[in-house]
Amino acid sequence: MDLKEIKQVIDLMKRAELTEFDLEKDDFKLHLSRLAKDIAPQIIQAAPISATPAAVAGSAALASSDATNAAANQPVEEKGIELIKSPMVGTFYSAPSPDSPAFATIGSKVSADTVVCIIEAMKVMNEIQSEISGSITEMLVENGDAIEFGQPLFKVKTT
């Protein structure tokens, strides 16, 4: 079996939503699995990023409604407030399991080694640690939200 045929099997697994596939042919054995049960969580530290206003490109051709929307989406700099941003694309989870308490909630004290959430990326659960010491003042995403790289997750009042 060559690489092209293996890729076709993988595509078939995706389309048929199969989680495992085994093939034995003469002395060739192939086992494919899309399960993440044996994968240990990875710890990834989010870099502290202070809230700074985004630059707005000025143009005389901008409609007033577009200018209003751009201003509304611009982050407001708050003194002593820093953001914990997502280091990856994935799904945000505030707790290790649905019936467990959240890692961090509004008012929680965090330090540089505190796990604040989990981001699932490619079936791997990644524990995200704060690199900021302070108190969580606002959660900017909800449990189960799809998040992007660099998206703010929490506001932290630094100490």
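The values are calculated or read from the model by the stated rules, or taken from the named source; none is laboratory data. A quick note: this is a predicted structure, and the numbers were derived from the prediction, not measured. Every residue, glycine as well, gets a Cβ built from its backbone with ideal geometry; the counts of neighbours run over all protein chains shown.
What's the total number of residues in region 59-98 that are at pLDDT 50 or above and either of a type in the set (F, W, Y) or farther than 18 Å from V156 by Cα (or both)? Full working, then the answer.
Just the residues of region 59-98 that are at pLDDT 50 or above, to begin with: 75-98.
From the residues that got through so far, the ones that are either of a type in the set (F, W, Y) or farther than 18 Å from V156 by Cα (or both) too are 88-93, 95-98.
Residues that pass the stated criteria total 10.
So which strands (runs of 3 or more DSSP E) stay within region 72-148 end to end and still have 2 or more residues that are closer than 30 Å to T19 by Cα and not β-branched (V, I, T)? Spell out the reasoning first.
Values: elements: 81-85, 90-93, 115-121, 124-129, 134-139.
Output list reads 90-93, 115-121, 124-129.
Of these, E131, E148, E138, which one is in contact with a Pro (Cβ under 8 Å, 6 or more places away or on another chain) and either free of Cβ contacts under 8 Å to residues at least 40 places away in the same chain or not hydrophobic (A, V, I, L, M, F, W, C) (or both)? Break it down into steps so the answer makes sense when it comes.
Numbers: E148 fails: in contact with a Pro (Cβ under 8 Å, 6 or more places away or on another chain); E138 fails: in contact with a Pro (Cβ under 8 Å, 6 or more places away or on another chain).
The match here is E131.
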